[in-house]
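Written below as structure tokens is the structure these notes are about.
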Amino acid sequence: MPIIVNVDVMLARRKMQSKDLAERLGITPANFSILKTGKAKGIRFDTLSAICEILDCQPGDVLEYVPDQA
């Protein structure tokens with residue numbers, strides 16, 4: 001998949017644990033894990049906005065486009 005989720009990188013930079021971010025977002029750690037590992041089919045803009053607000057970052061810090069190499 002050409003979209004890479006780098007939320008774990010931002011968590012490390014902010015010295016925050018996944019469970020703490022999931023709690024602040026109001027989602028279960030299991031659902032956050034699906035997003036963090038890139039297994040989610042999509043993300044709501046509200047959720048992305050909340051992640052950026054909590055981690056004090058931009059959407060491009062969390063999501064990265066890497067084209068498929070054919």
Quiz item: In square angstrom, what is the accessible area per residue of the chain with a 1.4 angstrom probe?
Solution: 73 Å²
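Please report the relative contact order for the chain, taking Cα pairs under 8 Å with a sequence separation of at least 6, and give it as a percent rounded to a whole number. Before the final figure, lay out the partial values.
Values: 60 pairs, mean separation 36.5, N = 70.
Once normalised by length, the contact order is 52 percent.
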Quiz item: Can you work out D for the chain in µm² s⁻¹ from Stokes-Einstein, where Rh is the Kirkwood radius over C-alpha pairs, the temperature is 10 °C and the viscosity is 1.306 mPa s?
Solution: 129 µm²/s
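The values are calculated or read from the model by the stated rules, or taken from the named source; none is laboratory data. Predicted, not measured: the structure shown is a model, and the values here were computed from it. For accessibility, only protein heavy atoms count, side chains too; no ligands or nucleic acids. Shrake-Rupley method; radii C 1.70, N 1.55, O 1.52, S 1.80 Å.
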